[in-house]
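K.L.:
Encoded as structure tokens, here's the structure I'll be asking about.
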Amino acid sequence: MRLLLATGNPHKVDELRAALSGFEIHAFGLTDTPPETGATYLDNARIKARHARKHAPVDAWVVGEDSGIEAAALGGRPGIESARWAEDGVAALLAALAHEADRRVRYVSELVAISPNGAELRGTGMLEGVAANEPRGSEGFGYDPIVIPLGETRTVAELGDVWKSEHSHRALAARALADYLRRAR
């Protein structure tokens with residue numbers, strides 16, 4: 001099954017390829033990406049998928065994705081604003097948490113797939129952890145250098161891309177979506 005991921009982020013394409021073995025995944029970057037005006041990750045993933053569905057080849061499934069990081073001490077912020085929250089999101093989150101005792105964070109990912117006939121499927125994933133005091137590690141992207149998953153002592157960036165392809169919020173959402181996609185074939 002061919003899936004077109006509505007994104008310009010090559011890291012997200014790589015993560016989904018690793019998590020969705022058996023599926024042919026391609027980036028479907030659009031020059032006129034729709035504004036992310038939804039109130040939730042699901043809303044924004046759906047906006048992207050529906051927009052891509054209008055422009056995609058008629059025989060392809062399209063996938064929209066939205067994700068972010070939520071800090072408990074910040075009431076869930078930056079949340080759906082994670083990518084636009086600050087020029088340097090890692091530094092901004094560390095500064096916001098500098099005097100907070102509660103370092104709990106979680107990554108959230110929503111995937112929405114739309115079939116050639118318009119049927120919609122969804123996959124959700126979460127990765128809970130705590131924020132490190134400083135960035136560590138060189139793999140991954142985004143907030144990975146400061147997220148220490150529950151049960152681990154290293155950040156996602158230290159654990160690496162192979163670990164991430166199995167355990168990340170996006171990998172978990174992809175596996176949930178894959179179950180539905182296999183039944184839809």
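The values are calculated or read from the model by the stated rules, or taken from the named source; none is laboratory data. Note that the structure is predicted; figures quoted are calculated from it, not measured. Don't worry about glycine lacking a Cβ; one is built from the backbone with ideal geometry, like all the others, and counts go over all protein chains shown.
K.L.:
So how many residues does region 7-39 have that are modelled with pLDDT under 90, hydrophobic (A, V, I, L, M, F, W, C) and either within 19 Å of Ser165 (Cα to Cα) or exposed (fewer than 15 other Cβ atoms within 10 Å of the Cβ) (or both)?
P.N.:
7
K.L.:
Moving to a separate point now. Name the residue that is surrounded by the most Cβ atoms within 10 Å (Cβ to Cβ), counting only residues in region 142-165 that are of a type outside the set (A, V, I, L, M, F, W, C) and touching a residue at least 60 places away in the same chain (Cβ under 8 Å).
P.N.:
Applying the filter and picking the extreme gives Lys164.
K.L.:
Another question about this same structure. Which pairs have Cβ atoms under 7 Å, sit 6 or more apart or on different chains, and link a residue in region 18-31 that is in a helix (DSSP H, G or I) to one that is modelled with pLDDT under 90?
P.N.:
Ala18/Ser165; Ala19/Ser165
K.L.:
If I go through region 116-141 residue by residue, how many of them are surrounded by 15 or more Cβ atoms within 10 Å (Cβ to Cβ), at pLDDT 95 or above and of a type in the set (Gly, Ala, Ser)?
P.N.:
Residues flagged as surrounded by 15 or more Cβ atoms within 10 Å (Cβ to Cβ), at pLDDT 95 or above and of a type in the set (Gly, Ala, Ser) within region 116-141 amount to 6.
K.L.:
So the check is Cβ under 6 Å with 6+ separation or different chains; which pairs have a first residue in region 71-98 that's among the polar types (S, T, N, Q) and a second one that's modelled with pLDDT of 95 or more?
P.N.:
Pairs found: Ser82/Gly68; Ser82/Ile69.
K.L.:
Does Thr124 satisfy the criteria of being without any contact (Cβ under 8 Å) to a residue 24 or more places away in the chain, within 20 Å of Ala18 (Cα to Cα) and touching an Asp or Glu at 6+ places or on another chain (Cβ under 8 Å)?
P.N.:
In short, no.
K.L.:
Among the residues of region 40-61, is there at least one that is surrounded by fewer than 23 Cβ atoms within 10 Å (Cβ to Cβ), assigned to a loop (DSSP other than H, G, I, E, B) and modelled with pLDDT of 95 or more?
P.N.:
yes
Here is a yes/no grid of residues against (1) in contact with a helix residue (DSSP H, G or I) (Cβ under 8 Å, 6 or more places away or on another chain); (2) farther than 24 Å from Arg185 by Cα:
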position	(1), (2)
His11	no, yes
Ala18	yes, no
Phe28	yes, no
Tyr41	yes, yes
Ile47	no, no
Ala52	no, no
